[in-house]
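Working notes for the structure below.
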Amino acid sequence: MPKGSPELTQARREEIINACEELYKTKSFKEITLKDIGEATSFTRTSIYNYFQTKEEIFLALLQRENELWIADLNQIMAENAALTKDGFADKLAHSLEKRAQLLKIMSMNHYDMETGSRPERLVEFKVAYGNSLKTVMRCLEKYFPEMPIAEKQRFLYTFFPFMFGIYPYTFVTEKQRAAMEQAGVNYVFMSIYEIVCNCARTLLGE
């Protein structure tokens with residue numbers, strides 16, 4: 001770890017993560033290199049290794065940050081709404097993920113490669129954030145549906161979270177993919193992030 005204040009270290013980490021996020025808007029995960037990320041920062045490329053050893057660690061840190069932002073949105077929902085119906089909660093949950101397309105895009109990638117390409121301490125940092133997102137959704141269920149059996153709450157969590165990994169590919173389709181589906185005779189029906197999340201949440205809650 002480089003010498004310097006914790007504030008400087010955090011600022012450097014954020015600059016690297018921000019550079020990765022910006023590149024990810026126009027390039028795929030496979031196309032982005034540490035050299036690309038280094039060239040988009042204000043310090044030397046080799047300095048990146050003082051903070052992240054692999055590209056996978058940087059993407060994992062970006063995913064961690066996205067989880068933390070989503071948690072903040074969920075906490076705001078709970079702070080602003082004393083009670084919600086099933087439809088009301090599904091609506092709020094869907095809107096919270098509608099804002100987090102970046103989270104869903106990264107989740108749709110190969111997590112096995114991203115996690116195995118990161119050091120244990122970086123993986124633990126991410127898992128803390130991921131675990132907190134699970135706990136926060138559980139707190140939402142406990143707040144708004146106290147009568148729901150614990151088994152049903154757990155069913156919601158462990159159906160909804162795996163479902164999240166597939167949201168992005170269904171809601172962002174390239175023209176190349178669309179053309180291929182047409183040639184294959186597949187009738188693609190566009191659904192927004194909001195629509196697909198809201199429908200899933202309503203189904204899991206039992207309309």
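The values are calculated or read from the model by the stated rules, or taken from the named source; none is laboratory data. None of these values were measured; they are calculated from a predicted model. Cβ atoms come from the backbone with ideal geometry, glycine included; neighbour counts cover every protein chain shown.
Please work out if Ala90 is within 30 Å of Tyr170 (Cα to Cα), out of contact with any Gly (no Cβ under 9 Å at 6 or more places or on another chain) and modelled with pLDDT of 95 or more.
Considered against the rule, which asks whether it is within 30 Å of Tyr170 (Cα to Cα), out of contact with any Gly (no Cβ under 9 Å at 6 or more places or on another chain) and modelled with pLDDT of 95 or more, Ala90 comes out as yes.
Taking the range 1-32, which residues are assigned to a loop (DSSP other than H, G, I, E, B) and closer than 19 Å to Met107 by Cα?
Within the range 1-32, Tyr24, Lys25, Thr26, Lys27, Ser28, Phe29, Lys30, Glu31, Ile32 qualify.
So is Arg45 surrounded by 12 or more Cβ atoms within 10 Å (Cβ to Cβ), more than 21 Å from the chain's Cα centre (by Cα) and charged (D, E, K, R) or not?
Criteria met by Arg45.
Given the residues Glu15, Glu7, Glu57, Glu21, which is the only one that is acidic (Asp, Glu) and free of Cβ contacts under 8 Å to residues at least 12 places away in the same chain?
Glu7
Specify the residue that is farthest from Asn199 (Cα to Cα); the eligible residues are those in the range 84-112 that are outside any helix (DSSP H, G or I) and of a type in the set (Ser, Thr, Tyr).
Ser108
Here is a yes/no grid of residues against (1) at pLDDT 95 or above; (2) in contact with a helix residue (DSSP H, G or I) (Cβ under 6 Å, 6 or more places away or on another chain); (3) among the acidic types (Asp, Glu):
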site: Thr33; (1), (2), (3): no, no, no
site: Phe59; (1), (2), (3): yes, yes, no
site: Asp73; (1), (2), (3): yes, yes, yes
site: Ile77; (1), (2), (3): yes, yes, no
site: Ala94; (1), (2), (3): yes, yes, no
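Would you confirm, using the coordinates I've provided, whether Ala101 is touching a residue at least 12 places away in the same chain (Cβ under 8 Å), within 28 Å of Thr136 (Cα to Cα), aliphatic (A, V, I, L, M) and out of contact with any helix residue (DSSP H, G or I) (no Cβ under 6 Å at 6 or more places or on another chain)?
Criteria met by Ala101.
Is it the case that Ala61 is assigned by TED's automatic domain parsing to the domain that holds Pro120, buried (at least 18 other Cβ atoms within 10 Å of the Cβ) and not basic (Lys, Arg)?
yes
Could you tell me which of the residues Leu104, Leu123 is within 14 Å of the chain's Cα centre (by Cα) and outside the structural domain of Phe29 (by TED's automatic domain parsing)?
Every option except Leu104 fails the conditions.
Give the residue, chosen from Ser96, Ser133, Ser118, that is over 27 Å from Thr26 (Cα atoms), assigned by TED's automatic domain parsing to the domain that holds Ile196, among the polar types (S, T, N, Q) and surrounded by 13 or more Cβ atoms within 10 Å (Cβ to Cβ).
Ser133
Give just the number: which of (1) within 25 Å of Ala61 (Cα to Cα); (2) over 15 Å from the mean Cα position of the chain (by Cα) does Glu175 not satisfy?
That leaves (1) as the condition not met.
Does Leu103 fit the bill of being among the aliphatic types (A, V, I, L, M) and touching a Lys or Arg at 6+ places or on another chain (Cβ under 6 Å)?
Criteria not met by Leu103.
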